[in-house]
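Structure first, commentary second.
Just so you know, all these numbers are worked out from the coordinates, no wet-lab data involved. Since the structure is predicted, the reported quantities are computational estimates derived from the model, not experimental observations. For neighbour counting, all protein chains shown are included, and Cβ atoms are generated from backbone atoms with ideal geometry for every residue, glycine included.
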């Protein structure tokens with residue numbers, strides 16, 4: 001019997017930064033703190049996390065340290 005490993009893909013609007021994550025997420029959360037609301041422009045942000053070794057990148061996101069120890073990544077071209 002074969003098992004299909006799910007592949008999750010996404011990226012920025014302009015396509016300069018793309019990612020793929022294989023397997024099932026290890027966690028999912030919703031956050032409504034002030035910083036997440038400001039970052040997303042919404043009343044709540046939803047995050048899904050994967051093991052580091054399950055994620056591959058095409059392009060390199062730029063990191064911004066929004067609060068000490070908390071980094072947010074975004075496309076250096078389209079934001």
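Side notes on the structure shown:
- The label point for residue 53 and the one for residue 8, both projected 7 Å from the Cα toward the Cβ, are 1.9 nm apart.
- The residue 70 and residue 22 beta-carbon pair, evaluated with R₀ = 22 Å, returns a calculated FRET efficiency of approximately 0.25.
- Its relative contact order, with pairs defined as Cα atoms under 8 Å and 6+ residues apart, puts the chain at 30 percent.
- Reference-scaled alpha-carbon Rg (2.2 N^0.38 Å with N residues) for the chain: 1.23
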